[in-house]
Every structure is written in C-alpha cells, then in structure tokens.
Amino acid sequence: MNVPRESALAATPQVGIALPHESAHLHVRGQATYIDDIPEVAGTLHAAVGCSPLAHGRLLAVDLDLLQAQPGVVAVLTAADIPGSNDCGPIVRDDPILAEDTVHFLGQPVFLVVATSRDLARRAAARAKDVIRAEPLPPVLTAREAHARQQYVVPPMHLARGDAAAAIAAAPHKLTGSFSLGGQEQFYLEGQISYALPQEDATVHLHCSTQHPTEMQHVVAHALGWAQHRVQVTCRRMGGGFGGKESQSAVFAALASVAAVKLGRPVKLRVDRDDDFLITGRRHGFEFDWTVGFDDDGRILGVEADLIANAGCTADLSAPVMTRALCHFDNAYWLPHVALHGYCAKTNTQSNTAFRGFGGPQGAFAVERLLDDIARALGRDPLAVRQANFYGRAKRNVTPYGQVVEDNVIDDLVARLVRDARWAERRAAVNTFNAGSPVLKKGLGLMPLKFGISFNVAHFNQAGALVHVYTDGSVLVNHGGTEMGQGLNTKVAQVVAHELGLPLHAVRVTATDTHKVANTSATAASTGSDLNGKAAQAAARTLRQRLDAFLSEHPQHAAAPWPALVQAAYAARVQLWSDGFYATPGLHWDRDKLQGRPFFYFAYGAAVAEVVVDTLTGEHRVLRADVLHDVGRSLNPAIDLGQIEGAFIQGQGWLTSEELVWHPQTGMLATHAPSTYKIPTANDCPPVFNVALYEADNPADSIHRSKAVGEPPILLPFSVFLAIRDAVASTGESGCLPPLQAPATPEAVMEALAALRASGSSASPT
Amino acid sequence: MTEGLTERPIRFVHRGAIVEVAGLPATTTVLAWLREHAGRTGTKEGCNEGDCGACTVMVGDLDDGGTVRWRTVNACLQFLPTLDGRALRTVEDLPADHPAPRAMVEHHGSQCGFCTPGFVVSLAALHANRPDPPSRRELADALAGNLCRCTGYRPILDAGEAMYALPAPAVNDDDATVAALQTLRADPPLAYRAPDPATGADSRFLAPRSLDALADAAATHPQATVLAGSTDIGLWANKQFRPLPLLISVGAVPGFKAITETEGVLHIGAGAALEDAWAALVAHLPPMRDYALRFASPPVRHAGTMGGNLANGSPIGDSAPVLMALDARIVLRHGGAERTLPLDGFYTGYMKNLRQPGELLWRIEVPLPGPATRLRAYKLSKRFDCDISALACGLAVTLDGERVTAARVAFGGMAATVARARAAEAALTGQPWTEATLEAACSALGSDYTPMTDLRGSAGYRVRSARALLRRFWLETRPDAPLAPSATQVWEVPA
C-alpha cells in the first residue's frame, strides 16, 4: 500500500469522473463470482421446485413415495416441513412458500426435491404433474375479469383533487378511451439462486442473489421460527435484478434454508430459467379507462381514470406499486382536477412485483397516451400540447398528492432537447418521407418525464455503512446496498475515496452482509447511491474528523504520507473504523389519504425517437433516439450514461417486442424463456443514439448534488411507442386516434392499421 | 459395434493440453463439464436453451492447412462427446491483454457482468475470424446471439469497434493447441459409453468418421438418435429430460459437411453448418441475406445443420420454405441405398416426415434458378434477430416478359408442416405479374392454409401477413417500377 496522502479539500476529485465499474476487469475475464460460482462445500445437495400444473385448484395430495424413489433424491419437502411460518409475503402475509390446500397459479411451488445433483433434482421435480393430485377450480386469468368480479389483492385506492367530473363536464373538449399496457419480465441474466449453509449452534449462512438481504434474513428466520440473529445473508453481486430480486428472491431463500437446516447439509437452489419465469412475477400489466376534459390548446382541465393492475395471485408489492403509479400519473403535468382509481386485480397468475420504475412508468404512460390523443384530436403538435401542460414554477406546481414541485427544470430541458434533436425540422422531413413512401412510414415521438425519488414509505429511506481503515492505509467499505450491475459499489467507493482524499484503488467495497450493516432497506426505488452514498460519506467524514483532530494535536505528521499518518494514528489509539448513518430528511406520507411529501426531489428527462414502420407487416425499426436526462451533478458520468441507455433499450423492449402470453384457458405462461420472450438485441439499439446528461446541481442536499438514475430513464422510450403510433397515424386522416396497444408487436401494429382503415380513420373530439 | 469405432474416453484440447473425460453421461453438456467438473465457472448459464449467449464458448477445428478455425457455440447445448478431437476455448482462456476484454472495460461494456463472458467470447471470435474492422451493423449481427439486459448494447458495440484499434497479442496456446489437435487425429473413431445416474442404464455416443460408417451405424441402430448440431436435441436433454441412450453423431464425418456446385445444382451435405449452407445460398441469391441473418444466432448457426433443420421438420423450420420455393430435392440413405425425393411432399404431418428408422438425410440438392426467376425469402417475428418465425416464406416466380410461367410459394408457420400454397400458385401461373394477379393470389392463400393461433401470432394475423408478404414480393419484383428493398423493408432503411 503506497497511497500518497493529500488534503481532502485539495485532493483530485474522485467523484464526477467516468471511472470503470469496480468489477469490470473481473466481468470481462469470467472472474467475477456469482453465487453459483462459489466453490461448493463438500456434501452440498441441490434442490429443485415442484410446481403446480394447474392455475387454480384444491390440492388433494402429493405422491411423495414416487418422488422419494427417483434416482438421487435425498428428501422431498412440502408445506408441512416448514417449521415456522409458511409465508414469504413482503407486506401482506398471504404468500405461502409452499402451497398448502389451494394452488393459485400454474407454476406455484408445491414441493421441493433435494437430490445429490442439480440434474437429478430437476428430473424428479419435473414429475410434478404426475405426483400432484388436485381438483381443478375455475381460474381468473385477466385483470379485466378480476376487476369485473371486484376481486383484488388489496382494497382499491383513490387519489383525487378538486372536482374532476365537473371540470370534465365544463371543458370545451372531451375524450374517452381505454388502453392496454402489457407487463414485463425482468430477465435478469443470472436467474434466482440461494445457497444455504448450516452453521454451528443452529444458525445458517445464506448466499442469496437478492436486492434485499435484510428481508431475506427476516423471511428465513420466520420460516425457521428463529430469531433474526441466527440468519446471515450475504450477496456480493447479482447478475441483474431490476426489481425481480427485491421481494421474490424470498421463496428460494426460504426453501434452501429450510432444507439445509432440516438435512444439516448445504443446499443450493438454482432455478432453471423456465421455472424462474413460471414461479416469479414481473412488471404489472395495466388496463386503463379514462375520460379527460381539455381546452383548445390541449390543456387538461379535468381527468378521471381507472388504473387496473394485474397483481397476480397475492399482494406482494402491488399496493406500493399502485401507489407509485397513482403518484406518477401526473408525470410532468399540472392536473387541476383529477380523480384516479387504482385497482390491484387478483388473478390466477404469478404474483407481480417490483420492476424498475415500480408502477411509475405505468402511471406516466397513461397520461402520455392520453396527451397523444388530445394532440391528435386537436391536430396540434404533441410537443406544444405537452408544453402547455407542464408544471409551473410559482403556480400550477402542486402534485395531486400534495407535494410542491420545487425543482422543476422540464421547460428548459425539453427546449434544449428539441433544439438539439431538431424536432421541427425532422417533423417536416418525416412528413416528406411519408408522402413519397407507399409502404414504409416514419414517425416521431417525444417524451418528457419527471420521476419522484425516495421510497413512498418514509421509514425505508435510511441506510448504514461501515468504513475501515487498516494500518497500511487501505480502506474497506461495507454498506447496506446491493450491487446488481448499476455501479452502486463504484459510486460508494468514489464517495469514500473522495472524502478521504485517496485514489479510488485505495478503497474496496465488500459483499453486502446482514452481519455487518443491520436493518437495511431494499436496493430499490433508485435510492441506492443516495442513501448508501450518504451513509458511507458520513462514516468517512467521521474518520477524517478523527484524523484531523489527531493532526491538530500532532502537527508533526501533517506532511506524512497517508499510510504513515494512519500508522501514527493507530499507535495513538485513534479509532480507525467508523459507522455512518443517513435518513432522508423532510419526508412524510399519509398512506390512507395518499397525500404528503413522499419524494426528496424529482429527476427529469426527455427523449425524441424516430421509427420506420412497415404498413404491410407491422414491423418497425427505431432509426434514431435523442435523449437529455437529468442526473444532477453526476457522480460517475459513464455509469449514469450506462443506466440511461440501458433503461432506454429495456423500456423499448417492454413496449415493442416483449410480449407475455398466457394460455387463455389453462393459464400456462407460454412465453417462459428467451426462446419465446424476446428482449432487445444489439440490432435493436438505434443506429443513431445521442444521449446527453443535463448537468446541474440537485437543489436537494443529495450526495454531491447528484440525482438518482436507476428508474427514471425507463420512461424515455415511451417516445418509441409514441413514434410508432405517429407512423401508424400517418396512414389515417388528420385527427385519427390509432388504437395501438402495448407492446407494439407487428401484430398489434397491424391491428391498429386495420382498425384505422375499417373506421374510415377519422375521429374528432366531441 | 460399427466397424472401426473404439470404446474409449472423450479426448479434446483445452488450454493447449489434451483432456480426457470418462464416466460422465454422453448428454453431459460442455457447460456442465466446465462449471461442475472442471471448476471453470467463467462461462455462465443464463437460459440453458441456447438463446441468451451467456455460455458462449469457442470450438476449434484443425483445418488441412494446419491452422485452427474457431467458432462460437452455446456450451449449454453441446454434449461433451461432440468435442472429441476438437479444441475448446472459453473466456478464461484468452490472454490477459486480449483486445476484446480490454475494450469492454475501457468502453464500460459491462454492468452486472453476467452476460459479459459470452460477449467477450463472441467479440474475440469475430476478432480472430475477421481481420478488418466490421461495420456497426455487422458487429450487431455477430452479437445477435448474446443478450444483455443492462447496457442497451451501445457500449458493447463501441468496444467491438475499438478492439480493432488495440494491439492484438498472439493467443498464447495456439501452437500447443495445433500440436495437440494433430495428436488427436491419430485417435480411433469414438465409441463412448458411461453409466447415466438418471436412468441407471448406459449412455452411449458413436462418432463414425466416414460416410459409409455413418450410414452403417444408423442402419444398424435404427432406434438411435441421430445427432448433428444438437441445437434442438440439446433441449430434449436439458429441458425435456427425454431418455437418449444412444446417440449417433454426424459431426465427425468431414464428407457429410461438403458443399459443392455442379451444373447449376448446389449440393449441400446434410451435416453442413447452417452458417456455411446459408452463406452458399446467399452467394447465389443475394436477396436472401437478411433471411439468413435472421436464422437463429451465430452460435446456433455454427453448430446447427441444414440437414438437421430439415430432418427435424418443425412447421416453422426456416430452411424448408425457401428450399421448397427453390424446388430442392433431398437425398436419403439407408445403409448403402440412396433415394432422392422432392422436399415438397417430404413432410407428412406435424413433426413427421418420410424418413424411415435407420435412414439418414444425406444431402440437399438445390437447383439454382435462372435469370428469369425472381426469388425472395421473408420472415416475420416479434424481434429481428434470433426469434422463431410467426411465419416464414420462400416466394419464386419465373417470368417470361410480364407473364408468370411458373410460381412456387411456400410458407412455414401457416400449417402443421411447411407447405406450398397450391391455390395461390395456380392463381399466379400463366398470368401477367400485375396487381390484379397478386390480388387473386392473395385471395387464394385463404384456401391454402388454416393457420392456428399461438404465442407468436393469431390465425388472423398469420393470414393477413402472409398476404402482405406476397404483396411485398410483388412490389419488389413487378416488371413495372419495382420497389427497392429500402422502400419495402424497415431493416433496409438507412438511418
């Protein structure tokens, strides 16, 4: 260790620079360790889940003898083998780890096979349809059907301001519509995995690919009927999470741990990709019904909307997902009178869960789709209509949930983007192209966004960290956040290095571990760097203060290199490690009234997309995208750019090729692997992709005035969907409203084109 | 035992040394061997079905010139015995200063890192096989079999461009690999046998090296599973747990892969890799380039064979529609006896065909069309790359002036088998190639097929888009003012 000490204030900044991901050099050589790469302890057994072959049914029996007789099988576990609570629901306790008397979806875990090899475990578990005896019950498979039956996983939620009905009735124009927005599979490349090792004195050490080690600790402790201090959960990194490992790593964590403790042997449960799709939920698909009243400029005067989410069979995180959907229906727009009704429909499908944006994208999508209709119906530029509705700075600046928008930059940001992307000029060029092109039609779409940052539940907005300085001057950081590729550990290391005036290579960040930092929140809601960066900064700051105090008493060390200073401080018995804690200030939230200040600040962004659509086949291609996105004062521009671009393509996939199809009678998810569920490939990345950071200090006192970046940019690719719709609309008359549903697969586009032709293609506002 | 085959361990080259494996079932995948037996966990499992590319590795074959040709394959689909006599290279085997991993770090090409080893291997293979820098589009095509959920691909494409500007070190085990591969050439043809703990029975793998021995092995063991690229049979083992007690591999027979042209007929050995077979077809029929690119991913095209695609006979196997439109014939062989059949008529029902037990699909004969024939191949799917077709078609008309003298229209995805559209063909034949004729053919398509609804498309969509593709064909080939592909296909539009 030979790190020169520089005064913290005079040091070369370690934040604000484009440093590579802390594990990049390992990723590219296959040396980054994921859970399945940990060398197995001798005696390790392998587990596989036996899944319900029915979408709904009364469970009568499981032929355990047949399973026990399969080659290599060591044990078979059912619900009766769970010593503690058979539940892994994160909020509502309605989520059995293994089914007891009823199965609620096709794929629901019913039993666990533990065998001498993973292959033998999977082969035995695949006998599920032969060994599970169940009496079929009629399934409810769509959100619309469940809504019609008023069948919900949590009570309906309502967010209202003013008198929407009266405002709509009095408005010069009115439009009514419905719209369907599909769900989305996280498709983390590393599937769900847990590896449980029983330890001395009735304790267990669980390696789990999870965004929420503390919750895994709780779920495992409950399942075993143990105190929390007997369960240790560790996660060095995930091969992607995207929300899918926030709550739904729990069933695998619990199963591996229960089996390991019962058998007294290490048990690994790595789920095959098809089973991962069939067992776990994903982004909620939404159905929307809405009525909006607006003026001649397209200004919304009143809006009423039903948001019906397919929650799946249990509550999971559906209530907070719906809360965030309701709190993002406004997106960047002032809605004077609004009545929003959120329904979490209970269906016999996988329980839907967190996915990047957590309902926010679905809420914002509704208002964008509606504004697109308003602009088309009025024959006005969609940009102008959006600008007319933007939140104001002094007036028209209160959200429907009562938070004042204090940091609004949307006007300036959008103005810069449309200037740099040459919106008006390209609008004309697209029109010219379309006039001369009988088969292919181009379209342009624009999407502004505002996204609230913080957990909607105030008390989750806290974090802890530990910083150790060893006697050679090397620094080790541990914090409560988890690394899933988003670069959190890189950013936290940068913060600590910066605080201590050290180069980045002097600082290592280690695996998240419930034995180190306790009571952590999920790494979710884009808050990872905000919370853990601040906590680590606080710990580093404490250390710096101690060293400064030491130096003021021992000025002879002022010019010493860092390792010598550390040595001297150690010899003088200065504590060279510290904890740090952070709680986001100023947040409050009334869960019943859906009012308060749930967000510390807002992130902003905007995108323009250009597509070409084949009007014969419905195929499309994104030709160009221009993005300007607000990350405040970036901690690491390379990582932030990566988040924005990655979110763009991920959201583009959601709205175009990523279609989820359940069999309409059996409830079997037919799209249960990458062969059938199509996320974007390199060819789907727009050939012209201009992404820029809108750099300005975050007015809120965030970590180095940066802004969260994980989720907000998932809204940017709405511009792609709007551009496809624009291209479809070019085949109709002015004022036509193409009934394009999402995802805009070739078939969905063809249906919208056909509907325009069939309707005579024109629809005018009443 | 087929003559000349010797029961012995599997022998292949890894990191410049010969590795011997015995005792594992023949269906053990290369990925399982790497991760569970060799302790090489750099290669990842993302999907276990050849669609995500996280397990991409290179397999090397020694050519007659004494150099190793490396190609990417999906380690999750390849059975370990298929490595016999060949070389394996993974992400962990690249030299420390290789330009692919280095460029990926410098251009921020990894986030979660789980797909990254697969990308690095695909980039390294491209770097090895293509000396001059590819275009952005060619890079994306080369990476079509690698899924990334984090980056959005831009930085990976940047890395792919940038690696060509970095110094390229010699891969350090090249000489040793060549020497070891030469040593393996002296091994007798492989007969492999090991107990399978899943069945309690023996798991066997036979790899004859001559055409006659192959035909003999198949005829002797009519109950055996004939294995070519295992891009489908790999799934029978991995996902469906079908018992596969005896595999006869075609992969060790060099003559089975030959592609030759004689007197206007392209002869494609049934064991020719899809990559090579399609390259030969596209060389003669350039408008099929995109169709060939959309046929699976590079690793699947490297392993999979055109013969396997036809013999498997999926209703949406993308080779058959085009080959039917070309009036291709297939040659079958049983022991020493050969018979030739038109491909049209080979399929008798869903996943059923005229091939008898013990009979091998031997060769594909493709008559190359003359200048009067217009031919196109189109595919529709939710994603451009590596997606199973909702429908795929081969469309051909032969024109005498403006009159259609012959028409061959074949669709996959419209029926239980790939099949020709006789009514549409009848509506075209003898008619002027005009919009009225097109309309008549489109209308006739309705009686040619009764497609089904599934996850890839509804029956109505399939009928509508089949007509749309016929219209696109007309627009591109009509005598009067034909449209360029840049006016009819979104992937041909310049950005």
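The values are calculated or read from the model by the stated rules, or taken from the named source; none is laboratory data. Small disclaimer: the values here were computed from a predicted structure and weren't measured. Cβ atoms come from the backbone with ideal geometry, glycine included; neighbour counts cover every protein chain shown. The protein model used for the area step is the full one, side chains on, heavy atoms only, and it has no ligands, DNA or RNA in it. Shrake-Rupley method; radii C 1.70, N 1.55, O 1.52, S 1.80 Å.
Annotations
- If you go through the range B:468-486 and keep only what is within 19 Å of B:Thr434 (Cβ to Cβ) and surrounded by fewer than 21 Cβ atoms within 10 Å (Cβ to Cβ), you end up with B:Arg471, B:Leu475, B:Glu476, B:Thr477, B:Arg478, B:Pro479, B:Asp480, B:Ala481, B:Pro482, B:Leu483.
- Test: residue in the range B:138-161 that is open to solvent by 10 Å² or more (accessible area, probe 1.4 Å), modelled with pLDDT under 95 and away from chain A (no Cβ under 11 Å): no
- Unique match (being within 7 Å of chain B (Cβ to nearest Cβ) and farther than 25 Å from B:Leu123 by Cβ) among A:Thr676, A:Thr666, A:Thr656, A:Thr681: A:Thr676
- Scanning the range B:34-58 for residues that are more than 7 Å from chain A (Cβ to nearest Cβ), over 20 Å from A:Val28 (Cβ atoms) and surrounded by 24 or more Cβ atoms within 10 Å (Cβ to Cβ) returns a single hit, B:Gly50.
Rundown of residues vs (1) assigned to a loop (DSSP other than H, G, I, E, B); (2) in contact (Cβ under 8 Å) with a residue 40 or more places away in the chain; (3) open to solvent by 10 Å² or more (accessible area, probe 1.4 Å); (4) within 14 Å of another protein chain (Cβ to nearest Cβ), yes/no style:
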{"site": "A:Gly239", "(1), (2), (3), (4)": "yes, yes, no, yes"}
{"site": "A:Glu246", "(1), (2), (3), (4)": "yes, yes, yes, no"}
{"site": "A:Gly281", "(1), (2), (3), (4)": "yes, yes, no, no"}
{"site": "A:Phe288", "(1), (2), (3), (4)": "no, yes, no, no"}
{"site": "A:Thr291", "(1), (2), (3), (4)": "no, yes, yes, no"}
{"site": "A:Gly302", "(1), (2), (3), (4)": "no, yes, no, no"}
{"site": "A:Asn310", "(1), (2), (3), (4)": "no, yes, yes, no"}
{"site": "A:Asn331", "(1), (2), (3), (4)": "yes, yes, no, no"}
{"site": "A:Gln350", "(1), (2), (3), (4)": "yes, yes, no, no"}
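- Meeting the requirement of 3 or more residues that are in contact with a Gly (Cβ under 6 Å, 6 or more places away or on another chain), the helices (runs of 4 or more DSSP H) wholly within the range A:125-184 are A:164-170.
- Top-ranked residue of the range B:396-429 - restricted to ones that are open to solvent by 30 Å² or more (accessible area, probe 1.4 Å) and β-branched (Val, Ile, Thr), ranked as nearest to B:Gly460 (Cα to Cα): B:Thr429
- Checklist (1) more than 10 Å from chain B (Cβ to nearest Cβ); (2) not in a loop (DSSP other than H, G, I, E, B) applied to A:Gly646, failing item: (1)
- B:Ala283 falls short of the stated requirement of being over 24 Å from B:Val59 (Cα atoms) and crowded, with 24+ Cβ neighbours inside 10 Å.
- Candidates A:Thr542, A:Thr527, A:Thr617, A:Thr514: the one that is farther than 30 Å from B:Leu391 by Cα and in contact with a helix residue (DSSP H, G or I) (Cβ under 7 Å, 6 or more places away or on another chain) is A:Thr514.
- The one condition in (1) out of contact with any helix residue (DSSP H, G or I) (no Cβ under 9 Å at 6 or more places or on another chain); (2) away from chain A (no Cβ under 14 Å); (3) of a type in the set (Gly, Ala, Ser) that B:Ala17 fails to fulfil: (1)
- Being closer than 21 Å to A:Ser318 by Cβ, of a type outside the set (Lys, Arg) and within 19 Å of the chain's Cα centre (by Cα) is a description that does not apply to A:Gly240.
- Filter result for A:Arg356 (part of a helix (DSSP H, G or I), surrounded by 24 or more Cβ atoms within 10 Å (Cβ to Cβ) and of a type in the set (Lys, Arg)): no
- As a summary of the residue check, B:Ser443 satisfies the conditions (1) polar (S, T, N, Q); (2) within 13 Å of B:Leu470 (Cβ to Cβ); (3) touching a residue at least 24 places away in the same chain (Cβ under 8 Å) except for the one numbered (3).
- Of all the residues in the range B:88-109, those that are open to solvent by 10 Å² or more (accessible area, probe 1.4 Å), farther than 30 Å from B:Arg11 by Cβ and in contact (Cβ under 8 Å) with a residue 12 or more places away in the chain number 5.
- A:Asp276 meets all of the listed conditions (1) touching a strand residue (DSSP E or B) at 6+ places or on another chain (Cβ under 8 Å); (2) part of a helix (DSSP H, G or I) but one, namely (1).
- Listed conditions (1) under 30 Å from A:Ile679 (Cβ atoms); (2) within 14 Å of chain A (Cβ to nearest Cβ) are all met by B:Val418, apart from (2).
- Here A:Ala384, A:Ala377 are screened, and the one residue that is of a type in the set (Gly, Ala, Ser), assigned to a helix (DSSP H, G or I), over 30 Å from A:Gly312 (Cα atoms) and touching a Ser or Thr at 6+ places or on another chain (Cβ under 8 Å) is A:Ala377.
- Search result, residues across the range A:450-509 that are assigned to a loop (DSSP other than H, G, I, E, B), within 14 Å of another protein chain (Cβ to nearest Cβ) and open to solvent by 10 Å² or more (accessible area, probe 1.4 Å): A:Met484, A:Gln486
- Among the residues of the range A:104-124, the ones that are open to solvent by 10 Å² or more (accessible area, probe 1.4 Å) and under 27 Å from B:Ala26 (Cα atoms) come to 7 in all.
- Candidate set: the range A:27-43, residues that are buried (at least 19 other Cβ atoms within 10 Å of the Cβ) and of a type in the set (Val, Ile, Thr); chosen: the one farthest from B:Ala124 (Cα to Cα): A:Ile35
- Number of positions in the range B:216-239 that are assigned to a loop (DSSP other than H, G, I, E, B), over 20 Å from B:Ala32 (Cβ atoms) and in contact with an Asp or Glu (Cβ under 9 Å, 6 or more places away or on another chain): 1
- Close pairs from the range A:88-102: first of a type in the set (S, T, N, Q), partner outside any loop (DSSP other than H, G, I, E, B), Cβ under 8 Å, at least 6 apart: A:Thr102/A:Gly57; A:Thr102/A:Arg58; A:Thr102/A:Leu59
- The one condition in (1) closer than 30 Å to A:Arg369 by Cα; (2) within 14 Å of another protein chain (Cβ to nearest Cβ); (3) open to solvent by 10 Å² or more (accessible area, probe 1.4 Å) that A:Gln184 fails to fulfil: (3)
- Condition met for A:His341 (open to solvent by 10 Å² or more (accessible area, probe 1.4 Å) and over 20 Å from A:Pro155 (Cβ atoms)): no
- Subset tally (residues that are in a loop (DSSP other than H, G, I, E, B), away from chain B (no Cβ under 13 Å), surrounded by 19 or more Cβ atoms within 10 Å (Cβ to Cβ) and not aliphatic (A, V, I, L, M)) for the range A:684-717: 4
- Residue count for the range B:444-481 under the criterion of being touching a strand residue (DSSP E or B) at 6+ places or on another chain (Cβ under 7 Å), closer than 21 Å to A:Glu659 by Cβ and of a type outside the set (Ser, Thr, Tyr): the result is 3.
- Residues of the range A:220-236 satisfying the condition of being touching a Gly at 6+ places or on another chain (Cβ under 7 Å) and buried (at least 24 other Cβ atoms within 10 Å of the Cβ): A:Ala223
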